[in-house]
Every structure is written in structure tokens, then in C-alpha cells.
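For reference, the structure is listed below as C-alpha cells.
The values are calculated or read from the model by the stated rules, or taken from the named source; none is laboratory data. Because the structure is a prediction, the values reported are computed rather than measured. Cβ: placed from backbone, ideal geometry, glycine included. Neighbour counts: every protein chain shown. Heads up: the accessible areas ignore ligands, DNA and RNA and are worked out on the full protein's heavy atoms, side chains in. Shrake-Rupley method; radii C 1.70, N 1.55, O 1.52, S 1.80 Å.
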Amino acid sequence: MPLYEYQAKTKNGKDVFGVVVAETLELAKDVLRERSLSTIELAEREPPGVFTLSFSFLRRVPAKALVIFSRQLSVMIAAGVPLVKALRSLTVQTSHPRLRSIIEEVASDIDGGSRLSDAMAAHPIVFSPFTVNMIRSGETTGRLAQVLEYLADQEEKDYDLRSKIRGAMMYPAFVLSGMAVLGFLMMTFVIPKLTGTLQETGVALPITTKILIAVSDFFVHFWYVIIIVFVFVVAGVRVGIRTPIGRRIWDTIKLRLPVFGNLFRHIIIVRMTRSMETLLAGGVDTVTALGAVAEIVSNVVYRDILLETKAEVEDGNSLTTVFATTPEVPTMLTQMLAVGEETGALQEVLRRLSGFYGREVENLVTGMVTLIEPVIMVVMGVAVGVMVSAIILPMYSLASAF
């Protein structure tokens, strides 16, 4: 949704500056009128250019810093501390420089007449649509302190889930990276010396040794090509997934991967159900909640499913109309949501579903780590066996000749 920067006057004649979120310029003017502000200047903020987007990762804030900020803000607001004072206090307590400057900007915008949700919406790289919609619902219903507590709980659960997955995958990633580096060094520096001796003897070499020599020669003479190709492939993938088509292909491939595809699917479902439950508990209506969740699932396939569902709900149809026709949504999830709609206990059903699929994710990660370890050992054994046989067999033949 577009952001509009404004300069206006209050009833007391004080000049205020800030940002407002609205679909059109006219709606932005209506929002300012509702706040009893007389508009002096109002203009849409220019979207970031390509260069800015390419380096947006430099402006991100670590998830842990956001979790701490959300929890501290919720505690201070619940204790009755005025919003601007609470934010000013957090600028002193926050250690991350990027987040500190953003909090200062948010506090200044609020002091200038903006709402907290609008001030946060001006920083979409840091504050997601989910966060902004939660805050906006709290401002609308007068339950900002309660909503901030819901939000802090949600972000802590998301952070815990990511930390568990990252921690479980750390060992396999470290071992595979070490194998790749060691293999490169072996092929470039060690194998040429061993095979060079064999070639000088003039003994007939088996096919495995010839292949090993050919691969080693390529690494020795064209090592820079390997590095350049690797860098270009990584950069190409990163650039490609920024395009709509590339992103769709990448997200579809992730869901189709053996073993890992099921894990990705469960992680997305946990995020969907947990976010929906939190938004509904915060007073957000179902249509708005579906739109907010669609922006944070981080997968185009599920985003489209949620946006189609949002359109169906706006037309008066059931929440499960689209879910029931897509294989990406488990049957149990669809059936449970249908029961929740019929009984009016949708929020409770979503809470139970997020708990169930959260445990499934933990079990899948544990099972994958248990499976990956022996697979890595087998691959290492086969690789070492091939190398040893390719070197030992010619030596054995050479010894037999004497």
C-alpha cells in the first residue's frame, strides 16, 4: 500500500510532519481530516529504485533484535508508559544501530502526528505487513497493549522455530562445506603429485585413474574458471529469484524437493496458521488477516493460494473453498478449518493446528539430521574409496611387474 508524506497543522496551529498509509491520495486526505489535521502538503513517497532494492539486505535488522524490541515495547505500554516516551527510551536500550535509528524516526513521526502503524509502515524492510496490520488493529480497537503482547509472543515463537532449524542444519552444512573445500584442495594440490609419479612410470592406468587425472588437471589449470562459474551461478540465482518468474520457479522447486519439500511445506503452514491465529486474536478481520499473511509466507505458491482465498471470503464464500482444491494444503488442515468456521472456534482451531504442525517440523528436522549423518559418511567413504583405488591399483600393477 502506498505511503504518503504530509505536512499539516493541528487545531492549535502547530506544524506536524509524518507519513500515512492509504490506497489513494484522496483516502490519505480523509485520514488526515479524521485526525483533525489541516493538510499543507501531501505527496506519495517514491518507491525505492533498483539499486536500493539490490542492497536492501544491508538495511535489514536481525530477528533477535526485533524480538527484544517487541517484548520491551509491549511491557512498557502495558505498564502505562506513553508511546513516544517508551520509544525514546528504547532508542537508548537498543544496541543495534540500524534499529535504533529506525525507532528514532518512528518516535519522531508519532510526535509529529502519525499513528504507530503508519510510522512503522514507512520501514517495510524492518516491519512486515503482519506487524503493521496487528498494530493498526490495536489502535482501532483500543487494545494496543494487548496486541503488542500478542505480537511479541508471535515473534518469539517464529524466532525459536528458525533457531531450532538453523541449529539442526548447522552440522550437516559445516560438514558438506568442509568436504567441498577439502575436495578442491585435494584435486588441486595433492592428487597431481601422486598421479604425476604414476604417469612417469609408464604403467597402464585403469579408467578410474585416468578420470581422476583428467579431473585433477582441470582443477589445476582452470581453478579460476571453477571459482568464476560458482560466483556467477550464485549471483545469477540470487538475481533470478528477485524476478516474478524466477521467484515462482524457485518456490515451486523448493516444494518439490525430496525430503526437504515436505519440511518447507510444514514450515509455511506453521507460519500461516500461527500468524492467522495471532491476527484474529488481535481483532483483525479475516479478509485483512489473509492479505497480511499472504505477504509474509515467503512463498509465491502459498501467497497466491491465500490471495485467492481472500477473494473468495470477500465474495461471501468459505475460508476453505480454495484450500480444498489445492494439493499444497493438507486435507487435515482444510477439514479442521471447516470445523472451526462452522463452530465459530476458528481462532482456537488455528492455535491447535499451529501447535501440531510446529511439532511436525521439529520431528522432521530431527529425522533429517539423523538421516543426513550416515548419508554424509557413506558419501565420504565412497569418495575416499574411489580416490584410493585410483591410486593404489596402478601401484599394485607396478609392483607386480617386478
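Heavy-atom accessible surface of the chain, averaged per residue, reaches 55 Å², computed with a 1.4 Å probe. The order of Phe222, Phe127 by accessible area, most exposed first and with a 1.4 Å probe, is Phe222, Phe127. The relative contact order of region 244-402 comes to 23 percent, based on Cα pairs under 8 Å that sit 6 or more residues apart. Based on the reciprocal of the average 1/r between different C-alpha atoms, the Kirkwood radius for region 109-193 equals 16.7 Å. For the chain, averaging the sequence separation of C-alpha pairs within contact (under 8 Å, six or more residues apart) and dividing by the residue count gives a relative contact order of 14 percent. Counting only protein heavy atoms and a 1.4 Å probe, tell me what percentage of region 179-259's accessible area is made up of carbon and sulfur. Heavy-atom surface of region 179-259 belonging to carbon and sulfur, 1.4 Å probe: 78 percent. The charge dipole of region 86-223, taken about its Cα centre with unit charges on the Cβ atoms of Lys, Arg (+1), Asp and Glu (-1) only, comes to about 420 debye.
Rolling a 1.4 Å probe over the protein heavy atoms of region 49-159, with every protein chain left in place, gives an accessible area that is 60 percent carbon and sulfur.
Charge dipole (Cα centre; +1 on Lys/Arg Cβ, -1 on Asp/Glu Cβ; no other charges) of the chain amounts to roughly 1060 debye.
The magnitude of the dipole of region 62-135, with charges of +1 and -1 set on the Cβ of Lys/Arg and Asp/Glu and taken from the Cα centre, is near 280 debye. When the alpha carbon gyration tensor of region 63-210 is reduced to an equivalent ellipsoid, its three semi-axes come out at 58, 16, 13 angstrom, largest first.
When each of the peptides 224-235, 353-364, 183-194 is scored by the mean number of other C-beta atoms lying within 10 Å of its residues, the order from highest to lowest reads 353-364, 183-194, 224-235.
The alpha-carbon atoms of region 255-318 define a convex hull whose volume equals 76 cubic angstrom per residue. Mind checking which helices in the chain clear 20 Å along their axis (Cα) and have mean Kyte-Doolittle hydropathy of 1.0 or more, DSSP H runs only? Span-like helices, by this rule, are 63-78, 207-240, 346-401.
Computed over the Cα atoms of region 165-263, what is the convex hull's projected area averaged over all directions, in nm²? If you wrap the Cα atoms of region 165-263 in a convex hull and average its projections, you get 9.1 nm². Toward the positive end of the charge dipole of the chain, with +1 on the Cβ of Lys and Arg and -1 on the Cβ of Asp and Glu, the farthest Cα among Thr326, Leu257, Gly236 is that of Gly236. For the pair region 119-162 and region 324-402, the centres of their Cα atoms are 32 angstrom apart. Dividing the summed helix terms, -39500 (n - 2.57) for each DSSP H run of n ≥ 4, by the number of residues in the chain produces a 222 nm estimate of -24500 deg cm²/dmol to the nearest 500. Could you tell me which of the pairs Lys64/Lys157; Lys29/Lys310; Lys64/Lys164 are separated by over 19 angstrom between their Cα atoms in the structure shown? Where the Cα-Cα span goes over 19 Å, the pairs concerned are Lys29/Lys310.
Just to make sure I understand: if all protein chains stay in place, what is the order of Val239, Val369 by accessible area at 1.4 Å, largest first?
Val239, Val369
Think of the chain as a dipole: +1 on every Lys or Arg Cβ, -1 on every Asp or Glu Cβ, centred on the Cα centre; then among Ile213, Pro82, Gly113, Ile213 lies furthest on the positive end. Ordering 269-276, 341-348, 63-70 by mean Cβ neighbour count within 10 Å, with the highest value first, yields 269-276, 63-70, 341-348. Roughly how many percent of the accessible protein surface of region 286-329 is carbon and sulfur, given a 1.4 Å probe and a whole-percent answer? That share works out to 45 percent.
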